[in-house]
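The values are calculated or read from the model by the stated rules, or taken from the named source; none is laboratory data. The shown structure was predicted, so the numbers you read here are calculated from the model rather than taken from an experiment. All Cβ positions, glycine included, derive from the backbone under ideal geometry; neighbour counts span all protein chains shown. Side chains are part of the model used for accessible areas, which takes the heavy atoms of the whole protein and leaves out ligands, DNA and RNA. Shrake-Rupley method; radii C 1.70, N 1.55, O 1.52, S 1.80 Å.
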Amino acid sequence: MFFLGGGSNVLFTSDFDGLVLHSGIKTLEVLVRTEKEVTVKAGAGVVWDDLVQWCVDNGFGGLENLSDIPGTVGASPVQNIGAYGTEAAECIVAVHYVDYETGLAYSLSKAECAFGYRDSVFKHALAGKAIITSVDFVLNLHPQFRLDYGDVNRAVEALGGASLVNVRKAITGIRRSKLPDISELGNAGSFFTNPVVQPEMYAQLQTIWPDVPSYSSGDRVKVPAGWLIDRCGLKGFVMGNAAVHKNQALVLVNLGGATAAEIVELARYVIQTVFEKTGITLVPEVNVVGSEKI
Ligand code: EPU
């Protein structure tokens, strides 16, 4: 069995010999409301950006930086979707699922979900075992805005200052200027995760490129993979019908008619080129399903 959300982060490399499940649970309800916050339960089949829009419309803060991310609510905890300084895990308080084999229903607390950067228990101990049915989020009625990532603050100021509506508008605008629209150019968002390396490896990178950017990640250093791919000269690189996107090197695109094999070949070429230059092995963020792996 394979649980498919919106399909926006999946690359099928062969036909899937099994049952594909897709959630039609579209419920959206407020469970608890206090002076400060609300707890919202969203069905796994709700389109992620519809949830964000609904939160913004109702004055619920927390998810606005995650505007315009394709996919469904049920997929959001699996890889702990994140963008512009926020991760879904910051607002998730519980994930409800049904066990594939027993049919029994379970609920996990946030701690039990073991969230990390693009990571959770659903990619490890519960991989292929859990059918997520709904997710509970705690949202703030007095929003605390996160504007410190990249150009977010500037874009929000240009719209007249911080509000849920303006942050959503700013993020949507930034995303659309950098990321290709999946309805026009096939892609799965970031194709690789940003590598988290030891400080020694980062120091070695600085000897190649003194201006290499970084984000702290505990006692290690997160390096933007898009920057590395870009510096390796691969931004806009075309291989058959597949290409490294011209505005964001972390995104691989289907120029039209690309086969999965072409995407896999390009991904391997990117991994090999970055490895030869830096010693870092990029890891796909995209869920590759089928006989051919990257
Ligand atoms: N950069 C370049 N060249 C490029 C791409 C990026 O120099 O071609 C530089 C940027 O200038 C910036 C840094 O690399 O200094 C980081 O770039 P960006 O802000 O675009 O973010 P990212 O690390 O490449 C991550 C997420 C995105 C998310 C953005 C914004 C991952 C794997 N990706 O990308 O998520 O939208 O941050 O927060 O963590 C996704 O997962 O599908 C996705 C799009």
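Residue selection: residue 280 fails the criterion of being within 15 Å of the ligand (Cβ to nearest atom), in a helix (DSSP H, G or I), more than 30 Å from residue 2 (Cα to Cα) and in contact (Cβ under 8 Å) with a residue 40 or more places away in the chain.
Listed here are the residues, each with its yes/no results for (1) in contact with a Pro (Cβ under 7 Å, 6 or more places away or on another chain); (2) closer than 24 Å to residue 176 by Cβ; (3) of a type in the set (A, V, I, L, M).
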residue	(1), (2), (3)
8	yes, yes, no
47	no, yes, yes
67	no, yes, no
100	no, no, no
110	no, no, no
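For region 35-63, a residue qualifies if it is under 17 Å from residue 94 (Cβ atoms) and either within 16 Å of the ligand (Cβ to nearest atom) or within 13 Å of the chain's Cα centre (by Cα) (or both), and the qualifying residues are 62, 63. If the condition is being of a type in the set (Phe, Trp, Tyr) and open to solvent by less than 20 Å² (accessible area, probe 1.4 Å), then region 52-83 contributes only 60.
Within region 64-111, can you find the residues that are within 14 Å of the ligand (Cβ to nearest atom), closer than 26 Å to residue 151 by Cα and either among the hydrophobic types (A, V, I, L, M, F, W, C) or in a strand (DSSP E or B) (or both)? 66, 69, 81, 82, 83, 86, 87, 88, 89, listed by residue number. Residue 24 falls short on exactly one of the conditions (1) within 21 Å of residue 115 (Cβ to Cβ); (2) among the small types (Gly, Ala, Ser); (3) open to solvent by 40 Å² or more (accessible area, probe 1.4 Å), and that condition is (1).
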